[in-house]
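For reference, the structure I am asking about is given below.
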Amino acid sequence: MSRITIPIGPQHPALKEPLSLLLTAEGERIVESTLRIGYAHRGLERIFQNRNYVQNIHIVERVCGICSHVHTTAYCQGVEALLGLQVPPRALYLRTLLCELERIHSHLLWLGVLAEHIGFTTVFMYTWRDREIVLDIMEELSGGRVAHAVNAIGGVRIDIDSEHIDSILARLDDLERQIDTFLGVVLHEHTFQVRTHAIGRLTAEQARRYCVVGPVARASGIDVDLRRDEPYAVYDQLDFRVIVAHEGDVWARTMVRTMESVESLQMCRQLLRNLPDGPLAVRAPRHVPAGEVISRCEAPRGELVYYIRSDGSDRPARVKVRTPTLPSLAALAEQLQDINTADVPAVLAGVDLCIACADR
Amino acid sequence: MNIDLVLQVLHERFPTDPLKPRTVPIDETVVTLTPENLRPAVQTLIERFDLRHLSTITGIDTGDEIELLYHFWDGQGLTLRTSLPRENPHTVTLIDLIPGAAFYEREASEMLHIVFDGHPTPDPFLLPDDWEGAPPLRKEEAP
């Protein structure tokens with residue numbers, strides 16, 4: 001059968017961000033794929049070296065346009081470790097609260113994108129409507145819907161009062177009812193099942209070979225979550241389940257992310273109900289002692305790594321960022337192999353790629 | 001991962017390497033190896049401890065040399081460090097052992113001009129195809 005090469009991107013209606021994918025198809029079957037990224041590369045790792053530690057928070061927040069808060073969390077906790085700062089418990093609780101709200105927002109956004117890619121526009125509309133509940137809460141807390149500017153070196157820049165806590169708790173109940181509805185769709189809706197089952201499959205062994213992380217790894221049966229395995233902030237004080245599935249297909253990833261959203265809601269409730277009193281930040285010196293640190297966080301897409309080296313000045317000698325999308329991209333060719341051309345959008349959406357993150 | 005056992009095995013296998021294990025925040029052990037022993041060390045870690053999760057590779061131009069840091073993770077962090085000369089730095093690829101290393105090696109390669117011998121696709125990764133400037137993370141040469 002003759003082969004045909006199909007270019008997808010860098011600009012393409014099925015892509016939300018620039019990415020170039022060259023697919024080779026025999027009839028309807030994909031037999032080969034090559035990938036090129038870098039269209040959103042901004043040279044951030046170089047820029048970090050020319051700014052001081054405080055200025056860099058602003059840039060770190062802009063690595064990703066979805067999970068901006070977890071980036072500043074990883075960066076700030078790294079710098080705090082170099083400085084030997086003890087961050088006050090109230091600050092750590094608020095930091096963690098924003099991390100979990102951000103996870104719900106990211107997972108709902110993703111569910112909408114997937115639904116749209118498989119032609120299920122109703123779910124896309126409802127998830128993005130209900131995602132506004134989380135965005136409103138984050139905007140009230142921080143002033144920003146996506147870039148929150150909550151983290152500072154030594155603590156946080158926001159506070160919350162008891163009236164506001166009650167108001168958020170009430171809205172989290174509304175949101176939980178909606179997420180339960182989406183879970184029902186994922187579990188029982190025939191359209192959803194046929195477009196996601198056995199598609200984009202990644203076995204546990206394949207996921208390990210490509211060092212895949214986060215919900216994609218967990219949907220392939222790899223039981224790993226840094227919030228439980230190497231707790232940071234106040235995750236060691238929270239009660240939550242790590243959701244693992246074994247099918248490794250787009251459907252399993254949907255299950256994992258949707259159920260994780262429910263867990264995150266429970267964590268937000270625990271954080272709001274048990275919020276300790278006390279200061280919000282400690283003073284941080286401008287100069288950071290010479291040393292190095294590796295700071296890891298569980299971003300909505302998985303393990304996020306910041307390596308920071310200090311030479312004793314007020315500017316880092318090196319900041320390295322590894323975002324969870326990179327290993328997912330490395331494993332993409334395996335998932336596209338031998339699938340039907342019409343399933344390509346579902347596979348691309350299923351991975352939850354964040355290209356701006358990967359390109360930096 | 002039992003870090004003491006890992007260090008003991010590395011020490012027995014590479015008695016002449018500096019190793020100099022030290023702990024850095026947050027919960028990470030850094031071990032120094034000579035460039036020629038890095039790949040055998042990774043092979044040993046995979047065979048003995050099934051340590052296959054390579055978080056990333058960090059390349060640093062210190063001004064005197066190019067440092068390469070291989071960050072592994074299994075419950076806690078283990079970083080293998082090695083140093084290459086600034087002139088014509090070469091090292092051997094790991095992608096046959098860890099396919100996930102492919103992107104990290106390409107990135108280190110174009111940002112610092114390191115050659116990973118045996119890498120099948122050493123093409124531009126993040127930089128434009130027609131990039132002609134200096135490698136972005138190299139320190140400027142003294143005037």
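Under the condition of being within 30 Å of B:Arg138 (Cβ to Cβ) and acidic (Asp, Glu), which residue from segment A:284-341 is surrounded by the most Cβ atoms within 10 Å (Cβ to Cβ)?
Across segment A:284-341, the extreme among qualifying residues is A:Glu303.
May I ask you to say which residue of A:Ser20, A:Ser2, A:Ser68 is in contact (Cβ under 8 Å) with a residue 60 or more places away in the chain and among the small types (Gly, Ala, Ser)?
Details: A:Ser20 fails: in contact (Cβ under 8 Å) with a residue 60 or more places away in the chain; A:Ser2 fails: in contact (Cβ under 8 Å) with a residue 60 or more places away in the chain.
The conditions single out A:Ser68.
So which residues in segment A:338-360 are within 14 Å of chain B (Cβ to nearest Cβ) and among the small types (Gly, Ala, Ser), if there are any at all?
If the condition is that a residue be within 14 Å of chain B (Cβ to nearest Cβ) and among the small types (Gly, Ala, Ser), then A:Ala356, A:Ala358 are the ones that fit.
Looking only at segment B:39-60, decide whether some residue is farther than 29 Å from A:Tyr232 by Cβ and at the interface with chain A (Cβ under 10 Å from one of its Cβ atoms).
no
Here is a follow-up. Consider A:Arg51 carefully, then state whether it is surrounded by fewer than 19 Cβ atoms within 10 Å (Cβ to Cβ), part of a helix (DSSP H, G or I) and either of a type in the set (D, E, K, R) or touching a Ser or Thr at 6+ places or on another chain (Cβ under 7 Å) (or both).
no
For segment A:142-246, give me every one of the helices (runs of 4 or more DSSP H) that falls completely inside it and has 1 or more residues that are more than 14 Å from chain B (Cβ to nearest Cβ), buried (at least 20 other Cβ atoms within 10 Å of the Cβ) and out of contact with any Phe, Trp or Tyr (no Cβ under 8 Å at 6 or more places or on another chain).
Per the criteria, A:162-188, A:214-219.
Of all residues in segment A:272-297, count the ones that are more than 12 Å from chain B (Cβ to nearest Cβ) and of a type in the set (Asp, Glu).
1
Could you go through segment A:95-112 and let me know if any residue there is touching a strand residue (DSSP E or B) at 6+ places or on another chain (Cβ under 6 Å) and either in contact (Cβ under 8 Å) with a residue 60 or more places away in the chain or crowded, with 22+ Cβ neighbours inside 10 Å (or both).
Looking for residues that are touching a strand residue (DSSP E or B) at 6+ places or on another chain (Cβ under 6 Å) and either in contact (Cβ under 8 Å) with a residue 60 or more places away in the chain or crowded, with 22+ Cβ neighbours inside 10 Å (or both), one finds at least one in segment A:95-112, hence yes.
With the condition being exposed (fewer than 14 other Cβ atoms within 10 Å of the Cβ) and touching an Asp or Glu at 6+ places or on another chain (Cβ under 7 Å), I'd like the strands (runs of 3 or more DSSP E) fully within segment B:62-143 carrying at least 1 qualifying residues. Give the derivation first.
Values: elements: B:65-73, B:77-85, B:90-92, B:115-117.
Strands (runs of 3 or more DSSP E) meeting the threshold: B:77-85, B:90-92.
Just need a number here: residues in segment A:309-330 that are outside any loop (DSSP other than H, G, I, E, B) and facing another protein chain (nearest Cβ under 10 Å).
Adding up the residues that qualify gives 11.
Sort through A:His58, A:His105, A:His41 and tell me the only one that's assigned to a helix (DSSP H, G or I) and touching a Leu at 6+ places or on another chain (Cβ under 7 Å).
A:His105
Follow-up question, since we're still on this one. Please pick out the residue among B:Thr44, B:Thr91 that is touching a helix residue (DSSP H, G or I) at 6+ places or on another chain (Cβ under 8 Å), over 24 Å from A:Leu326 (Cα atoms) and among the β-branched types (Val, Ile, Thr).
B:Thr44
No lab work stands behind these numbers, since they all come straight from the coordinates. If you're wondering where the values come from, they're calculated on a predicted model, not measured in any experiment. A quick note on method: Cβ atoms are made from the backbone with ideal geometry, for glycine too, and the neighbour counts reach across all protein chains shown.
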